[in-house]
Amino acid sequence: MPRPSSRSRESAITRLVLYSRQYCHLCHDMLAALDEMHIRRGGEFVFEVDVLDVDADLALEAKYNELVPVLEADGRELCHHFLDHAKVREYLRGNP
């Protein structure tokens with residue numbers, strides 16, 4: 001089954017997926033940076049972040065174990081370990 005696009009035509013909200021784990025300071029830092037990007041930009045970009053714990057799913061743990069945090073959109077990795085602000089902004093502007 002094809003993965004649904006994170007950019008729905010019916011909705012202006014873009015969904016990003018953050019693969020994370022509970023005790024990971026880099027994961028918390030990336031989520032905080034995304035929150036700050038959203039707030040500081042004054043709503044220029046409307047997005048939501050779904051946080052998935054890789055330790056709750058064996059397949060996710062096997063795939064992302066040493067890479068977390070990993071930020072994805074439309075099933076494609078935007079960045080891992082640290083937030084790539086430029087790449088995320090480019091994606092949110094519609095220029096992936």
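Yes/no per residue for (1) modelled with pLDDT under 95; (2) among the polar types (S, T, N, Q); (3) touching a Leu at 6+ places or on another chain (Cβ under 7 Å); (4) surrounded by fewer than 19 Cβ atoms within 10 Å (Cβ to Cβ):
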site: 37; (1), (2), (3), (4): yes, no, no, yes
site: 42; (1), (2), (3), (4): yes, no, no, yes
site: 51; (1), (2), (3), (4): no, no, yes, yes
site: 55; (1), (2), (3), (4): no, no, no, yes
site: 69; (1), (2), (3), (4): no, no, yes, no
site: 75; (1), (2), (3), (4): yes, no, no, yes
site: 78; (1), (2), (3), (4): no, no, yes, no
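Report, ordered by the first and then the second residue, all pairs with beta carbons closer than 9 Å, sequence separation of six or more or different chains, a first member in the stretch 1-28 that is under 21 Å from residue 58 (Cα atoms) and in a loop (DSSP other than H, G, I, E, B), and a second member that is at pLDDT 50 or above and β-branched (Val, Ile, Thr).
21/54; 21/68; 24/68
Can you pull out the residues in the stretch 52-96 that are β-branched (Val, Ile, Thr) and either assigned to a loop (DSSP other than H, G, I, E, B) or over 15 Å from residue 14 (Cβ atoms) (or both)?
Of everything in the stretch 52-96, those that are β-branched (Val, Ile, Thr) and either assigned to a loop (DSSP other than H, G, I, E, B) or over 15 Å from residue 14 (Cβ atoms) (or both) turn out to be 54, 68, 70.
Cβ-Cβ below 8 Å, separation at least six or inter-chain, first residue in the stretch 68-96 and on the phi > 0 side of the Ramachandran plot, second among the polar types (S, T, N, Q) and surrounded by fewer than 17 Cβ atoms within 10 Å (Cβ to Cβ): which pairs?
74/5
The values are calculated or read from the model by the stated rules, or taken from the named source; none is laboratory data. Everything quoted here is computed from the prediction, not taken from an experiment. Cβ coordinates were reconstructed from backbone atoms using ideal geometry, including for glycine residues, and neighbour counts include every protein chain displayed.
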